[in-house]
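Only one structure is covered here, and it is reproduced in the block below.
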Amino acid sequence: GAVAELPPLAPLALVLKAYLQERGLNDSFSGGVSSYALVTLLIAFLRGAPPAVHADLGLALLGFCAHFCAEFDARRLGYVHDPLSPTSGPGENVLHSSYRLSAVAA
């Protein structure tokens, strides 16, 4: 599975989920980022990251945060493909209920 394929996945998910929870942004029903959305974003990031990122959790965390909190513009793009679904299409946006996503970077 994804955890065996991407060793940094589990520790990064735990750290980021704690960060989101501390800020009240860990539930999709309140506009935050669901656990599923967080894990799919991490998988997408890690699959595209260079091997050096996989060897250094600090670098992986900073890279993820830079990509999804600073560089990524959800309002402009409006869609995040689900890397866990082989048939993911326009109707399967993992961030569809994360309307407070901009608060994550704040």
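Residues that are assigned to a helix (DSSP H, G or I) and open to solvent by 50 Å² or more (accessible area, probe 1.4 Å) within segment 37-54 comprise R47, G48, P51, A52, H54, listed in sequence order. In summary, E5 fulfils each of the numbered conditions (1) modelled with pLDDT of 85 or more; (2) surrounded by 12 or more Cβ atoms within 10 Å (Cβ to Cβ) with the single exception of condition (2). Can you pull out the residues in segment 1-47 that are farther than 14 Å from L61 by Cα and under 10 Å from the mean Cα position of the chain (by Cα)? Across segment 1-47, the qualifying residues are V33, S34, S35, Y36, A37, T40. Is it true that some residue in segment 74-89 is part of a loop (DSSP other than H, G, I, E, B), open to solvent by 50 Å² or more (accessible area, probe 1.4 Å), modelled with pLDDT under 60 and hydrophobic (A, V, I, L, M, F, W, C)? Yes: segment 74-89 contains one or more residues that are part of a loop (DSSP other than H, G, I, E, B), open to solvent by 50 Å² or more (accessible area, probe 1.4 Å), modelled with pLDDT under 60 and hydrophobic (A, V, I, L, M, F, W, C).
Provide a single number: the residues in segment 14-36 that are within 20 Å of A55 (Cβ to Cβ) and open to solvent by less than 20 Å² (accessible area, probe 1.4 Å). Count: 1.
The values are calculated or read from the model by the stated rules, or taken from the named source; none is laboratory data. Only a predicted model underlies this, so the values are computations on that prediction, with no experimental measurement involved. No Cβ is skipped: glycine too gets one built from the backbone with ideal geometry, and neighbour counts run over all protein chains shown. SASA here: full protein model, heavy atoms, side chains in, ligands and nucleic acids out. Shrake-Rupley method; radii C 1.70, N 1.55, O 1.52, S 1.80 Å.
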